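One structure below.
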Amino acid sequence: MLEEIEGQVQGHRDGHGFFIRDDGEADIYLPPNEMRAVLHKDRLKVRVVRQDRKGRPEGRVVEIIERPEQPIIGRLLQESGLWLVAPEDKRYGQDVLIPKGATGTAKPGQVVVVELTEPPALFGQPVGRVKEVLGEIDDPGMEIEIAVRKYSVPHEFSAGCLEQAKGLPDKVLAKDRKDRIDLRDVPLVTIDGEDARDFDDAVYCEPAKVGRGKGWRLLVAIADVSHYVQTGSAIDIDAYDRATSVYFPRRVIPMLPEKLSNGLCSLNPDVDRLCMVCDMLVNAKGDVHAYQFYPAVMHSHARFTYTEVAAILSNTRGPEALKRKDRVSDLLNLQDVYKALLASRAVRGAVDFETTETQIVCDESGRIEKIVPRVRNEAHRLIEEAMLAANVCSADFIQQGKHPGLFRVHEGPTAEKKDILRNYLKAMGLGLSISDDPHTSEFQKIAQATKDRPDAQQIHTMLLRSMQQAIYTPVNSGHFGLAYEAYTHFTSPIRRYPDLLVHRVIKSILLGRKYQLPRLPVPGEAHAKLTKRLEKSKAAKGQTESSAPRVHMTAADQQAWEAAGLHCSANERRADEASRDVEAWLKCKYMREHLGEEYGGVVSAATSFGIFVTLDSLYVEGLVHITELGGEYFRFDELRQELRGERTSIRYAIGSRVQVQVSRVDLDGRKIDFRLVQPGEDLLPRAMRDKGLPAPPEGARGTKRKVVDRRLADAERNRSPIQALKASVKKAGVKKQASKKKSPRPSKSRR
C-alpha cells in the first residue's frame, strides 16, 4: 500500500497546487483536477501516484484532514444574476458563490471579507456569505486593509487591552523612580529617522580609562516597557499575539497601544522616562571590556535625526553644529567609539554587504509620488554598532546568569547551500571558495576581493542567498552573519516581543529570581510551518555547533521557550510578507501609469523562465519572460545563475544592464512584466496593438520613446472588473466538463 503523507496545500493561481509535507521532504505537485475539492492552506493526506519525467512526485488527495477557519478577501461581482467573490489571493483558485441573501450591504465592485458556508467539492464551487465590507478598491489604504486580513495580522486591540492602557499614567510617577539609578543629568539623546514616532533607544558616550589604556564609557538606554506591561496582563496577551509591529507605507500597526508606544514608553525629549541601561566600557580595540545592566530613570536631552547627526559629524562648524553646540562633543565621542567598534567588527570578520533598500513616498490619497533609495550614512552605522554591542552584552548576561531566554540565532549555510556556492564560485573562476566548516570571515574575504568587479553584485547576491534566515530560540548556536558566539535582541521592546522577554529575564537575574513565561496561546499555522522548515534545515545542516556555553533547562522550560521563539520568528515572517505584499500592490498601481515607457535596468535574478529586472530610476522589479529575450533558445546555467543564448552566447546574469519596456501590470497577481528592448527596435506600436488601440501618429513619438497620450494606461485603468473576470465565471459553470487533454507541467515558480 502506498504511503499516505500529511501536510498542507499551497495553491497556485494557474489552478494546480503544491503539497508541503510535514516531514520536510520535497513538495508534491497536485494537478488542477486534484485541487477541485481543496482550498489553499487546507491540511491533507496525500499519496504519491507517479513521478514526472524530471523525477518530481505527483500526488493524489486521499483525505482532507482540516479546513482552517480563514476569511477570504475579494471583490464582489455580479454576472447574469449570479453573485460571486473573486478572491484577491489568487492561490485560492476558485471564485466563491454568494447566495442573494448573503451579500449584506455590499455593492458590486466593493472589496469584501467572505466567510465560507460550504467548502468546494469535486462538482461544486465554494459558497460563502459576506462578513465585512472593506470599501472600494481605490479607497486610500485599501491595500493595507486587504493585507492585514490576508495574512491574519492582528490589527485591533482587545477591549481589555485598551481599558488597561487607559488606566496607565500620562507621565513617570515618583513611586516609579524608586530603586532606580537617576540618570536625568546625563545628556542621553535619541537618534532616529525623520519620520520616527516612537523612540526606544538613547545613547551617550564619554572618554574613560579602560584597564591601563584609553577607551570609552558607552551608555545604551532602552525604554523599560516591562515596567508597564506585566506578564500575562491584557496588554501582554495582545503584544504576544502580534509579536512585532508591522510597518506599511503611511501606516504602522503597533505591537503596543499608542499610549505606550508613542507616549509613556517613548524616550521623547525633555520628559522623564523609565529605562533599562546597558553601561559598557569599550577599549581602544573596540572590545567591550566590562558591562553592567540596571534600571534607571532618564531625561532625553535632544531628539536628533540621522541626517542631522551625519551633517554635524562631517562639519563641526556648520549650521547644524551651531544649533546643537552643547551636544557636539558628545556626538564626537560617539563617533570615536563607533570607529573602534567598527574596527573590532572587521577583526571578527562579520559580513558587511551594502544593499539598497527603498522607501515608498505617498501623497495624502495613498498614491505613490516616488520611490527613493534609503541612504545609510555614518549616523545610521553609529547607532547600529552601539545597539549591536548592547545586544551582545545582553546575550552574555543571560548565559552567565544561567537563565533561560531567547537568543537571536543565525546559523551557517546548510551542506546543500555550501555545495551550490562552491560550484558557483568555481564556475565563475574566482579562485576563492569556502571550507567545509566556514567562518563568516571567509564570506567577507570573498566580498572584499570582488567588490570592484563588474559582476560584484551577482557574487554578493549569491553569498547572501547561501545563508539561512535568523530565528529566535532558547538554544544558542551563535550568529553567523555578525560573527558573534551569542547574540540576542534587547534594544527594541516597543516593537518586538522577544526584546520585551529579554528585558524581563535581565531584571529577574538582577533580582536573583527566575522569570516564568506566561501560559501562551496554542501555536498557530505560521508556528507549525516554521517548525517543519527548521527541522528540515537542522537535518540538512553540515556544520559544528557553537562552543558557547548553554543554559540548562527543564524539559518544560525548553518547550515553553521554544514555542515562544517559534511564535515570534513566524510572526516576524508574517509581518515581512504583509509589508512586501502592500509594497508590491502599490508599485503595480504606480507602474500602471507607466505602461509602454522604457527604462534602463539591472538584472536582479535569472531563472529558467526569464530574468527579473530592477529599474534604475524607479527601483521597481519586473519579469522579462524568456519568450521576450529574442528569437533564439536560451538555456539556464544553474552553476553560473545565468541565461545564455545558444546561437549568440549572449548572457543575462545578476548585474547585467538591459533596456526594457513596461508591457503589462497584473495588480491582483502583484506582477509587472517587461519586454526587452533590442537596439533600434521601436516597441511602442507593438504595445498599442496588443491593447487593441491605434498607434499614435509619427510626430507624437518623443526621443524618450514614451507613450504621449497615455492611452495604454487609460485602457488598463478603465477595464471593467466584470469583463476582466467574465472568463473565470464562465469557467466555473463548465468546470465539471473539463477537458481530459493533458496540459504541460508548469514549473514550480513561487514568485
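The values are calculated or read from the model by the stated rules, or taken from the named source; none is laboratory data. Keep in mind that this is a model prediction, so the values were computed, not measured. Backbone-built Cβ (ideal geometry, glycine too); neighbour counts: all protein chains shown. Please note that ligands, DNA and RNA were not included when accessible areas were found on the heavy atoms of the full protein model with its side chains. Shrake-Rupley method; radii C 1.70, N 1.55, O 1.52, S 1.80 Å.
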Scan Gly610, Gly596 and give me the residue that is open to solvent by less than 40 Å² (accessible area, probe 1.4 Å), farther than 27 Å from Arg422 by Cα and touching a residue at least 12 places away in the same chain (Cβ under 8 Å). Gly596
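Listed here are the residues, each with its yes/no results for (1) β-branched (Val, Ile, Thr); (2) open to solvent by less than 40 Å² (accessible area, probe 1.4 Å); (3) assigned to a strand (DSSP E or B); (4) out of contact with any helix residue (DSSP H, G or I) (no Cβ under 7 Å at 6 or more places or on another chain).
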site	(1), (2), (3), (4)
Val603	yes, yes, yes, yes
Tyr619	no, no, no, yes
Gly631	no, no, no, yes
Ser649	no, no, no, yes
Gly655	no, yes, no, no
Arg664	no, no, yes, yes
Asp673	no, yes, yes, yes
Pick from Ile446, Ile459: which is within 30 Å of Val603 (Cα to Cα), in contact with a helix residue (DSSP H, G or I) (Cβ under 7 Å, 6 or more places away or on another chain), crowded, with 19+ Cβ neighbours inside 10 Å and without any contact (Cβ under 8 Å) to a residue 24 or more places away in the chain? Ile446
State whether the residues of the stretch 229-248 include one that is open to solvent by 10 Å² or more (accessible area, probe 1.4 Å), under 31 Å from the mean Cα position of the chain (by Cα) and closer than 25 Å to Val337 by Cα. no
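Working only within the stretch 336-359, note down all residues that are outside any loop (DSSP other than H, G, I, E, B) and either of a type in the set (D, E, K, R) or open to solvent by less than 20 Å² (accessible area, probe 1.4 Å) (or both). Give the steps one after another, and end with the answer.
Taking the stretch 336-359 and keeping what is outside any loop (DSSP other than H, G, I, E, B), we get 336-348, 357-359.
Answer for the stretch 336-359, where residues must be outside any loop (DSSP other than H, G, I, E, B) and either of a type in the set (D, E, K, R) or open to solvent by less than 20 Å² (accessible area, probe 1.4 Å) (or both): Asp336, Val337, Tyr338, Lys339, Ala340, Leu341, Ser344, Arg345, Arg348, Glu357.
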Among residues of the stretch 633-647, those that are at pLDDT 90 or above, among the basic types (Lys, Arg) and part of a loop (DSSP other than H, G, I, E, B), counted: 0
How many residues are in contact with a Phe, Trp or Tyr (Cβ under 7 Å, 6 or more places away or on another chain) and exposed (fewer than 14 other Cβ atoms within 10 Å of the Cβ) if we restrict to the stretch 360-378? 1
Specify the residue that is most open to solvent (accessible area, probe 1.4 Å); the eligible residues are those in the stretch 282-317 that are in contact with a helix residue (DSSP H, G or I) (Cβ under 8 Å, 6 or more places away or on another chain), in a strand (DSSP E or B) and among the aliphatic types (A, V, I, L, M). Val288
Scan of the stretch 257-276 for residues that are within 28 Å of Arg242 (Cα to Cα) and not in a strand (DSSP E or B), ordered by number: Pro257, Glu258, Lys259, Leu260, Ser261, Asn262, Gly263, Leu264, Cys265, Ser266, Leu267, Asn268
If you go through the stretch 34-69 one residue at a time, how many are in a strand (DSSP E or B), touching a Pro at 6+ places or on another chain (Cβ under 7 Å) and under 13 Å from Glu6 (Cα atoms)? 1
Only one of Asp279, Asp326, Asp330 is part of a helix (DSSP H, G or I) and not hydroxyl-bearing (Ser, Thr, Tyr); which? Asp330
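Of Lys131, Lys171, which residue is assigned to a strand (DSSP E or B), in contact (Cβ under 8 Å) with a residue 60 or more places away in the chain and open to solvent by 50 Å² or more (accessible area, probe 1.4 Å)? Before the answer, list the steps.
On the way: Lys171 fails: assigned to a strand (DSSP E or B).
That would be Lys131, the only listed residue that is assigned to a strand (DSSP E or B), in contact (Cβ under 8 Å) with a residue 60 or more places away in the chain and open to solvent by 50 Å² or more (accessible area, probe 1.4 Å).
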Just for the stretch 195-216: of the residues that are farther than 14 Å from Ala290 by Cβ and aromatic (Phe, Trp, Tyr), which one is surrounded by the most Cβ atoms within 10 Å (Cβ to Cβ)? Tyr204
When only residues in the stretch 74-86 that are open to solvent by 10 Å² or more (accessible area, probe 1.4 Å) and part of a strand (DSSP E or B) count, which is modelled with the lowest pLDDT? Glu79
Checking the structure you have, find out if any residue of the stretch 478-492 is closer than 28 Å to Ala296 by Cβ, open to solvent by 20 Å² or more (accessible area, probe 1.4 Å), modelled with pLDDT under 95 and among the hydrophobic types (A, V, I, L, M, F, W, C). yes
